[in-house]
Amino acid sequence: MNLVVNNYNILEILIITYLVSFVLVFVTKKLAVHVNALDMPNARKVHKKPMPRLGGLAIYSAFLFGYIMYGSVTTQMISILISSFILVLLGVFDDIKPISSKTKILIHIIVASIVVFYGKLYFSEISILGLKLFLPTWINQIIAIFFIVGAINAINLIDGLDGLCAGISSIYFITIAIIALILNKMDGLDIILCIIMLGSTLGFLTHNFPPAKVFMGDCGSTFLGFMIAVISLLGFKGATFTSLVIPIVILAVPIFDTLFAILRRLIHHKSIGEPDKNHLHHQLLKMKFSPKVTILIIYGIDVLFSAVSIFYVLGDNQIAIIVYLILMTLLLYIVANTDILYEKKRKSKK
């Protein structure tokens, strides 16, 4: 098995970036307290005491360190660095003093456009289940911008429980690395970034797994969403991905949660950007699961979705379809028996 990427050992990259991220979390915690970037408890949130929320800076700093150590300079990488810096800076300001959702979306579009137009990172073709769509370049570019902005906000939305966002992101990075190993595609920018991000995210997750000692904040969740989208687009450029099905299936949990959050708010005539307490993890908590068990259940579901994508790559579509149908049945069961879409009428106790 080839455990070398760009002439560097994968385990070395993982260990170095993990340690940098792990150590820097202690620094970001003190910084968050100093600048009053604290997540205060309220009726919508699960935590009961103020929590420092600049942990995402540790992930970002470890990513930069990993890139300096193991990356190379390209136009695409420069566009990623510029965009990620703007995005993380926006997140830091938002973690200290909330910024309007309209302003944030506008900046998300700008950072996505930098990657798409300057870095020339967009879909050359779109393939789903063997169906290939050859669209004009400008349409592919618009789709790529929507894809990046969508990923940024989907990952940001699921960051509502200790260890959830970092764990889901880590599973994504691990899955991409496994697919690259299977396809023997270990020399692309997507894979080196994937390994760097995995180590950086796991270093933070050590502090963030329930009970969390620090939150990543918007500066972390939006950065993770951005990097997930960028690695996906790089995967298409480097032929690591053969179909759009692969990243969509791996990201099924945040996509599912985001779609139902939008539908839920539309049904109740609320703003799409208005926060609530009816996400997937909230529903599992209402079913009397502890925060730790809730996280492990969501991890388990996400791992199974990732397994579907791996079976798809291996060409074992029959197993992939069976696992996918089981998972969709489970998700439909959750929808039918929880308030994730609309509030159910409860039988009153006599």
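The values are calculated or read from the model by the stated rules, or taken from the named source; none is laboratory data. Since we're looking at a predicted model, the values are computed, not measured. Cβ sites come from the backbone with ideal geometry, for glycine too, and all protein chains shown count toward neighbours. All accessible areas refer to the heavy atoms of the entire protein, side chains included, with ligands and DNA or RNA removed. Shrake-Rupley method; radii C 1.70, N 1.55, O 1.52, S 1.80 Å.
Of note:
- Test for residue 299: is it in contact (Cβ under 8 Å) with a residue 12 or more places away in the chain and open to solvent by 60 Å² or more (accessible area, probe 1.4 Å): no
- Criterion violated by residue 318 - all others in (1) open to solvent by less than 60 Å² (accessible area, probe 1.4 Å); (2) of a type outside the set (Ser, Thr, Tyr); (3) farther than 21 Å from residue 171 by Cβ; (4) at pLDDT 80 or above satisfied: (1)
- Within the range 64-80, the set of residues being surrounded by 16 or more Cβ atoms within 10 Å (Cβ to Cβ) and not small (Gly, Ala, Ser) comprises 64, 65, 67, 70, 76, 77, 80.
- Any chance residue 266 is in a helix (DSSP H, G or I), open to solvent by 10 Å² or more (accessible area, probe 1.4 Å) and under 28 Å from residue 28 (Cα atoms): no
- Test: residue 201 is modelled with pLDDT of 95 or more, farther than 23 Å from residue 307 by Cα and either open to solvent by less than 30 Å² (accessible area, probe 1.4 Å) or part of a helix (DSSP H, G or I) (or both): no
- Inter-residue pairs, beta-carbon under 6 Å, first modelled with pLDDT of 85 or more and in the range 326-343, second among the acidic types (Asp, Glu) and open to solvent by 30 Å² or more (accessible area, probe 1.4 Å), 6+ apart: none
- Some residue of the range 234-243 being under 30 Å from residue 22 (Cα atoms), of a type in the set (A, V, I, L, M) and in contact with an Asp or Glu (Cβ under 9 Å, 6 or more places away or on another chain): yes
Here is a yes/no grid of residues against (1) surrounded by 13 or more Cβ atoms within 10 Å (Cβ to Cβ); (2) more than 21 Å from the chain's Cα centre (by Cα); (3) closer than 21 Å to residue 221 by Cβ:
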residue: 14; (1), (2), (3): yes, no, no
residue: 17; (1), (2), (3): yes, no, yes
residue: 36; (1), (2), (3): no, yes, yes
residue: 55; (1), (2), (3): yes, no, yes
residue: 62; (1), (2), (3): yes, no, yes
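- Candidate set from the range 245-263 (those that are farther than 18 Å from residue 304 by Cα and in contact (Cβ under 8 Å) with a residue 40 or more places away in the chain); member that is surrounded by the fewest Cβ atoms within 10 Å (Cβ to Cβ): 263
- Hey, residue 173 at pLDDT 95 or above and either on the phi > 0 side of the Ramachandran plot or part of a helix (DSSP H, G or I) (or both) or not: yes
- Residue pairs whose Cβ atoms lie under 6 Å apart, sitting 6 or more positions apart in sequence or on different chains, and linking a residue in the range 107-118 that is under 11 Å from residue 86 (Cα atoms) to a partner that is open to solvent by 40 Å² or more (accessible area, probe 1.4 Å), are 111/86; 114/82.
- The residues of the range 158-184 that are in contact (Cβ under 8 Å) with a residue 40 or more places away in the chain and either under 20 Å from residue 28 (Cβ atoms) or small (Gly, Ala, Ser) (or both), listed by number, are 159, 160, 161, 162, 163, 164, 165, 166, 167, 169, 177, 180.
- Check on residue 117, open to solvent by 40 Å² or more (accessible area, probe 1.4 Å) and within 29 Å of residue 274 (Cβ to Cβ): no
- Exclusive hit being surrounded by fewer than 19 Cβ atoms within 10 Å (Cβ to Cβ) and in contact (Cβ under 8 Å) with a residue 40 or more places away in the chain, set 218, 187: 187
- Residue 273 falls short on exactly one of the conditions (1) at pLDDT 85 or above; (2) under 19 Å from the mean Cα position of the chain (by Cα); (3) open to solvent by 20 Å² or more (accessible area, probe 1.4 Å), and that condition is (1).
- Candidate set: the range 88-107, residues that are within 18 Å of residue 32 (Cα to Cα) and among the hydrophobic types (A, V, I, L, M, F, W, C); chosen: the one surrounded by the most Cβ atoms within 10 Å (Cβ to Cβ): 88
- Of all residues making up the range 1-22, the number that are touching a residue at least 60 places away in the same chain (Cβ under 8 Å), assigned to a helix (DSSP H, G or I) and over 14 Å from residue 71 (Cα atoms): 6
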